[in-house]
Protein chains: 2
Amino acid sequence: MEKIRIGIVGYGNLGKGAEKAVKYNPDFELVKIFAVQTPNQLEEMKEYIGKIDIMLLCIGSATDLPQQTPEIAKMFNTVDTFDTHAKIPEYFGAVDAAARQSDKLSMISTGWDPGLFSIMRVMMEAAVPAGKTYTFWGRGVSQGHSEAMRRLPGVLDAREYTIPVEATLEEVRKGDMKEYTPRQMHKRDCFVVAEAGADLAALEKQIVTMPNYFEPYETTVTFMDMESFQKEHSSLPHGGFVIRSGVTGEGSNKELMEFCVKLDCNPEFTSSVMLSFCRAAWRLYKDGRRGAVTVFDVPIGYLSAKNSESLRESSL
Amino acid sequence: MEKIRIGIVGYGNLGKGAEKAVKYNPDFELVKIFAVQTPNQLEEMKEYIGKIDIMLLCIGSATDLPQQTPEIAKMFNTVDTFDTHAKIPEYFGAVDAAARQSDKLSMISTGWDPGLFSIMRVMMEAAVPAGKTYTFWGRGVSQGHSEAMRRLPGVLDAREYTIPVEATLEEVRKGDMKEYTPRQMHKRDCFVVAEAGADLAALEKQIVTMPNYFEPYETTVTFMDMESFQKEHSSLPHGGFVIRSGVTGEGSNKELMEFCVKLDCNPEFTSSVMLSFCRAAWRLYKDGRRGAVTVFDVPIGYLSAKNSESLRESSL
């Protein structure tokens, strides 16, 4: 079996997850982990041209991916998990130009949201055009919200859990097709370790009134000591729901579709999903596709290590 | 906007659903319904060559599709809902040969199972290779099981509902990854109108012991009068679940994915889904694809009436 030779760029939770995911995917060969971001990283990578088929970019969406993907795409096929939804068109354009210049392919925004959830949103909307799609996240850790608290003076560590509002989930499942405010859809549970002597009441107020991050939601703050915090809040669970509720026929028959994930370890799952898109990216590349592509360009069969014939027999 | 010109072959529940689904999909134009299967149907169809882009085959899997699809594929692109899982390889081969002969494309086995559920099985297995996938159906009407009862002497009408065993669903969702017997996964609720004077106890025994259909399951039989039967059991609800439970990392982190549908009207939903695959089939055809294809060959974006750019903005 010809193996897909990959490199991993970045060695945080996602990169470590990708490394472990390779052992469940025997059609991949991990050639090199580029763990530390050094100034001469690009020079180092250059030596791997011809030895690595695809680079898995396991680095952050805030600044790392926008800066580095176009550079890396000039040398390698890439797969990433870029998830800044509002900046996707701009990012797509920059990566597309770089990959076309090098005659490579870059698949952006894989993982589960964007990624599997994106596929669900498109598939469900196409299946029942007269309807409404809802995305709920949680219960799970939001790194962005946790980081926002950690930046506050007096906070030693903090973790936020995004939680879907159960009553709204149930209403959506009944097919009401209403509009909901952020507060009606999600609540936020925060666990905070404060410096000794910090004004907890003031800190709590600072958190729950923080614009965009917490103010639009019902937010609870629980202060705790570092030992309990590390014991109870070191794992990275997550989850989420895509639900489409719609009608068919004369408009009176309700049809509901729901996709959900419930994850013990968000980065391990995300990187495992990423590997399946990496397989698809390689096949698209071998088909002659070039430039930036998304999960919407992937024929689902390309995600699987099985060939078309055995997929038809086993899974159709 | 250039419209996709379709014909509908067969005018039962599925064909009627497809006719209604067109009004929710303004990029389609319904040219002709071939309602009645006549001996000279193929001659009649011939007149529509060049006027119909794709034929939606809304006819049965037992005999109609295997007989007619290869003939129709010699004239038109086709989309069908062939669902006899065991015969898919043979059917695929016959349709592929016919479509290649006419330089057309035939997409087989669309709908929700096979169809959306097939996509889920492949996507989920690829996302978490170390795991197990379960498919549950119901609560919903099985036409095959209803028909099996109607064939019994003394039965005027009958309807069977397939129901997932709730306790097993819950166990699967906990991530146990066990093997289950048919009886552990589904039960069957039957509603029967018997002829006056029929031996109900004997009839019930005949039903619950019927091999393959009812014997492997916990089956309940309720006799009722025709009026109540027609009032309570004339709709065609259905539903189902694809669940994959697996592990990542060192094997201790559980990851769960679930897709489910809950349908007021199975044939309306199925034909609505069919239309989205019809759109994808047309795009694959315009890309130059020929012969038989399946839902696994469909880039998800092709299901949508939106173009790639707007999909990236709205749904990624």
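The values are calculated or read from the model by the stated rules, or taken from the named source; none is laboratory data. Because the structure is predicted, anything quoted here is derived from the model rather than measured. Cβ: placed from backbone, ideal geometry, glycine included. Neighbour counts: every protein chain shown. These area figures cover heavy atoms from the full protein model, side chains too; ligands, DNA and RNA do not enter into them. Shrake-Rupley method; radii C 1.70, N 1.55, O 1.52, S 1.80 Å.
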#### Entry: Zone of A:ASP199's modelled label, taken as backbone nitrogen in segment A:110-152 under 14 Å from a point 7 Å along Cα→Cβ
none
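Count the net charge of all other residues whose Cβ sits under 15 Å from the Cβ of A:ILE54, scoring Lys and Arg as +1 and Asp and Glu as -1. Working shown, then result.
Details: positive: A:LYS3, A:ARG5, A:LYS32, A:LYS51, A:LYS74, A:LYS104, A:ARG279, A:ARG283, A:LYS286, A:ARG289, A:ARG290; negative: A:GLU2, A:GLU19, A:ASP27, A:GLU29, A:ASP53, A:ASP80, A:ASP103, A:ASP287.
Charge balance in the 15 Å sphere: +3.
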### At q = 0.08, 0.09 Å⁻¹, base-10 log of I(q)/I(0) for chain A (Debye sum, equal scatterers on each alpha carbon)
-0.43, -0.54
### Message
Quick check: Cα centre of segment A:45-70 to Cα centre of segment B:35-91, how many Å?
### Response
48 Å
### Query
If you stretched the chain out fully between B:SER310 and B:LYS178, how much longer would it get, using 0.36 nm times the residue separation minus the C-alpha to C-alpha distance?
43.3 nm
### Message
Measuring nothing but label to label, 7 Å from Cα along Cα→Cβ, what are B:ALA97's distances to the other copies in nm, shortest first?
### Response
5.4
## Note on the structure
Taking a label point 7 Å from the Cα of A:GLU250 along Cα-to-Cβ, the residues of segment B:234-275 whose backbone nitrogen sits under 15 Å from it are B:234-236, B:265, B:268
### Query
What are the nm distances, shortest first, from B:GLU313 to its equivalents in the other copies, labels at 7 Å along Cα→Cβ?
4.6
### Query
What is the projected area of the convex hull of the Cα atoms of segment B:273-316, averaged over all directions, in nm²?
3.3 nm²
#### Entry: With DNA, RNA and ligands ignored, accessible area of A:ASP297 (1.4 Å probe; Å², nearest 10)
30 Å²
### Query
Do any GluC sites (Glu not before Pro) in segment B:166-204 lie in a DSSP loop with no more than 13 other beta carbon atoms within 10 Å, and if so, which?
B:GLU179, B:GLU195
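Would you mind checking A:LYS104/A:LYS286; A:LYS262/B:LYS187; B:LYS231/B:LYS262; A:LYS16/B:LYS254; B:LYS20/B:LYS286 for any pair whose Cα atoms are more than 19 angstrom apart? Numbers along the way, then the final one.
Working: A:LYS104/A:LYS286 10 Å; A:LYS262/B:LYS187 27 Å; B:LYS231/B:LYS262 21 Å; A:LYS16/B:LYS254 17 Å; B:LYS20/B:LYS286 26 Å.
Going by Cα-Cα distance, A:LYS262/B:LYS187; B:LYS231/B:LYS262; B:LYS20/B:LYS286 fall outside the 19 Å limit.
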### Calculated over segment B:116-265: convex hull of Cα atoms, volume per residue (Å³)
103 Å³
### Task
Using only the alpha carbons of segment B:1-82, determine the length spanned along each of the three principal axes and report them from longest to shortest in whole angstroms.
35, 27, 19
### Message
Please report the equivalent ellipsoid semi-axes of the protein assembly as shown, computed as sqrt(5 x eigenvalue) of the Cα gyration tensor, largest first, in whole Å.
### Response
45, 32, 22
### Query
What net charge do the residues around A:PHE296 carry, taking every other residue with its C-beta under 13 Å from that of A:PHE296, with Lys and Arg at +1 and Asp and Glu at -1?
+1
## Note on the structure
By the C-alpha gyration tensor axes a ≥ b ≥ c (rounded if a/c is under 1.5, else prolate when a/b exceeds b/c, else oblate), the shape of segment B:253-294 is oblate
### Summary
The relative contact order of segment A:116-265, taking Cα pairs under 8 Å that sit 6 or more residues apart, comes to a percentage of 30 percent
### Query
Ignoring ligands, DNA and RNA, how do B:SER308, B:SER109, B:SER142 rank by accessible area with a 1.4 Å probe, largest first?
B:SER308, B:SER142, B:SER109
### Local electrostatic count at B:ARG244 - Lys and Arg +1, Asp and Glu -1, tallied over other residues with Cβ under 10 Å
-1
### Query
Which residue fluctuates the most in chain B, going by a Gaussian network model with Cα springs under 10 Å, if the choices are B:TYR11, B:TYR285, B:TYR24?
B:TYR24
### Task
Specify the inter-centroid distance of segment B:128-201 and segment B:260-316, based on alpha-carbon positions, in whole Å.
30 Å
### Message
Which one, A:PHE28, A:PHE92, A:PHE223, has the greatest fluctuation when you compute a Gaussian network model over chain A with C-alpha springs under 10 angstrom?
### Response
A:PHE223
### Task
Go ahead and estimate [θ] at 222 nm for chain B from helices alone: -39,500 (n - 2.57) per DSSP H run with n ≥ 4, summed, over the residue count, rounded to 500.
-10500 deg cm²/dmol
### Query
To the nearest whole number, what is the average tally of beta carbon atoms from other chains within 10 Å of the beta carbons of peptide A:264-273?
6
### Query
Among B:TYR180, B:TYR161, B:TYR302, which one moves the most in a GNM of chain B with springs linking Cα atoms closer than 10 Å?
B:TYR180
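With an 8 Å cut-off on Cα pairs and a minimum separation of 6 or more residues, tell me the relative contact order of segment B:189-274 in percent.
On the way: 89 pairs, mean separation 21.4, N = 86.
Relative contact order comes out at 25 percent.
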### Query
GluC sites (Glu not before Pro), restricted to segment A:230-265: which are DSSP loop and have at most 11 other Cβ atoms within 10 Å?
A:GLU250
### Message
Whole-Hz ³J(HN,Hα) for each residue in segment B:34-40, computed from phi via Karplus 6.51 cos²θ - 1.76 cosθ + 1.60 with θ = phi - 60°, x for glycine and proline: what do you get?
### Response
8, 7, 9, 7, 10, x, 9
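For chain B, what does the relative contact order come out to in percent, with C-alpha contacts under 8 Å and a separation of six or more?
Working: 584 pairs, mean separation 66.0, N = 316.
Over chain B, the number comes to 21 percent.
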### Task
Compute from the Cα atoms of segment B:80-122 the Rg and the Dmax, the latter being the longest Cα-Cα distance, and quote both in angstrom.
11.1, 32
